[in-house]
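The values are calculated or read from the model by the stated rules, or taken from the named source; none is laboratory data. Note that the structure is a prediction, hence the values are computed from the model and not measured. For neighbour counting, all protein chains shown are included, and Cβ atoms are generated from backbone atoms with ideal geometry for every residue, glycine included. Heads up: the accessible areas ignore ligands, DNA and RNA and are worked out on the full protein's heavy atoms, side chains in. Shrake-Rupley method; radii C 1.70, N 1.55, O 1.52, S 1.80 Å.
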Amino acid sequence: MSKMLRMRKDLGVTPYSPVIPLSFEFGLEPVVSNSKPLPETANTAWQQITSKIQQRLNRHEKYWWQISGYALAVLLQAAGYTHAAQVKILEFFAGRIVSSLGIANQPGAQRWKSFMTDDNNPIELSWDWHIGADRPSVRFSIEPIGPDAGTPEDPRNERAAAEFKQSIVQTLPETDMLWFDHFDTFFREGVDCSSVEGHSSKVFWAFDLGEKDITSKAYFFPGYRAKATKQTNLQVITQAIESAPLCTPEKLGAFNMFAEFVNEYEELGGAPLELDMLAIDMIDCSKSRLKIYFRNRRTDFRSVCETMSLGRRVTNQEMDLGLKQLRRLWDSLFDHEGTAEDTPLGQADHRTAGILYNVEFRLGSQVPKAKIYIPVRHYARSDAQVMMSVSRFMDSQGSAIHSREQRETGKNNDDNQPGQPVEAGTEKKGVAPAERRRVSQISTAYAKAFSTIFTDEAVSGSRGLHTYIACSVQTGGTLRVVSYINPQEEKLRRTPPLKLR
């Protein structure tokens, strides 16, 4: 049985008193100096798992645990996960993920060039703010990579895929593989593995981390089959969906609306939208979402409005208010206050430049829901600006939501009518101070987590730690916001190496 598939059981916990973040001695430069202490609970959870596994991991696995596992532990604690949940999630990460991220990043290493991030880091973390009034949640995405990926022994990184799939099925037995098997087979069939996408990645996995459950998602790249069959990515995606289990014609109204938008956009003279990925939830197909990720090279806000509304196919009060909210966040992220809607962002010549979007829908839905992924790593001034802009926006929106809830329950009287959307930034002052403090505590926790993981110089003097800021319009015109994070090794705080008993 392969090492990746070996069940790492009995990762029991042993209480540790809090100390500064730890670093392994495993023949590489120490990572994760001058570090600020972890919050007590996160430090203990990370140490408890570390004390059980460090003798079982090879140096490559220790490298990923020390960098990405540490960053994940800090975010989990900052987001308010219980200690038990932190331990459970970190056990999963140590037992199933660190062995699937490839070799350590060290001089001369021939590493697989993952499309997950622009610097080929195969893991991306995310902090889901939700709408600003509730506890945030943490997630992560990876590309499974074998130890010999990109070498003559495994030039196309084919060994890791099957092993990782079996590993996840064993660990998360509720995972539904029906759609995964269909789409994985469909997009690989008849395909040579030469790169036609500007990268060589084939499948990504993502994990939503709940208090009790871990659920997975999968992402596929249609471009390889499109190239092999001389079709467009949309044509290949259409065939894949229409041939999938349960995908009968009467259940694909939402997809048909999206396909109509894509075709119309090009017919009206726009540059073709670049359809990059198809994603699924790994749950019962009748409940799973289908998500299609696509890129628009236009970066002006007018094109954002056109795309989020699917060419004005989605028009209602919530969308109008949501786009108004999005403009506020957009202006803050890019210093665009007072500029015209057709003002583009700065120039960025990169495979991932432009604006990334997705649409999602379930079987039977008639209207897809759009989400924007703003690539702040290309266009923002610094990660500090991104963090400040998002935090201020979420504080404002969270306070507006609490203010509206107070009015609707009769706790506060003012001129607004119950049930009407409230635009963030225009809310009345009646929201309770305790509620304002609770909302702002989330932003404070995020900022402290960032300053625990990364150096002040990296956050204030450069960009790239935040990869995307994702936004989708929710009920009442509020925005659900997600910050995506690339845990770049060179920007981590560092500590002297310390062996654990």
query: Which shape class applies to region 127-262: rounded if a/c is under 1.5, otherwise prolate when a/b exceeds b/c and oblate if not, where a ≥ b ≥ c are the square roots of the Cα gyration tensor eigenvalues?
result: oblate
statement: Sparse-neighbourhood loop hits (GluC sites (Glu not before Pro), region 194-273; DSSP loop; Cβ within 10 Å at most 14 others) -> 211
message: Tell me whether region 47-123 comes out rounded, prolate or oblate; compute the Cα gyration tensor, take square roots of the eigenvalues as a ≥ b ≥ c, and use a/c under 1.5 as the rounded threshold.
response: oblate
query: Ordering 342, 383 by how much accessible area each has at a 1.4 Å probe, largest first, what is the list?
result: 342, 383
- prompt: Which pairs break 32 Å Cα to Cα here: 230/291; 227/324; 113/212; 227/371?
  reply: 227/324; 113/212
message: Rounded to the nearest percent, how much of the accessible area of region 194-260 (1.4 Å probe, protein heavy atoms only) is carbon and sulfur?
response: 52
- prompt: Under a 1.4 angstrom probe, counting protein chains only, how are 312, 377 ranked by accessible area, largest first?
  reply: 312, 377
query: Which FRET efficiency value, to the nearest 0.05, is calculated for residue 320 and residue 151 with the Förster distance at 51 angstrom and r the Cβ-Cβ distance?
result: 0.45
task: Just the number, please: carbon plus sulfur as a percent of the accessible area of region 75-152, 1.4 Å probe, no ligands or DNA/RNA counted.
output: 53
query: At what distance in angstrom do the alpha carbon centres of region 328-404 and region 158-192 lie from each other?
result: 32
statement: By the C-alpha gyration tensor axes a ≥ b ≥ c (rounded if a/c is under 1.5, else prolate when a/b exceeds b/c, else oblate), the shape of region 273-327 is oblate
- line: With all protein chains in place and a 1.4 Å probe, residue 156 shows an accessible area in Å² (nearest 10) of 110
message: Treating only the Cβ of Lys, Arg, Asp and Glu as charged (+1, +1, -1, -1), what charge dipole size does region 48-177 show about its Cα centre? Round to the nearest 20 debye.
response: 420
- request: May I ask you to compute the full-extension gain from residue 405 to residue 284, defined as 0.36 nm times their residue separation minus their alpha-carbon distance, rounded to one decimal in nm?
  value: 40.1 nm
message: How far apart, in nanometres, would the label points at residue 313 and residue 242 be if each is projected 7 angstrom from Cα along the Cα-to-Cβ direction?
response: 1.6
- request: Quick one: compute the contact order of region 108-198, relative version, from alpha carbon pairs under 8 angstrom and 6+ residues apart, as a percent.
  value: 17
- request: Quick one: dipole size for region 175-326, taken about the Cα centre, charges +1 on Lys/Arg Cβ and -1 on Asp/Glu Cβ, in debye to the nearest 20.
  value: 300
statement: Sorted list, accessible surface of protein heavy atoms, 1.4 Å probe, largest first, for 230, 287, 165, 371 is 230, 287, 165, 371
Euclidean distance of C-alpha centroids, region 74-104 and region 252-309, integer Å: 32
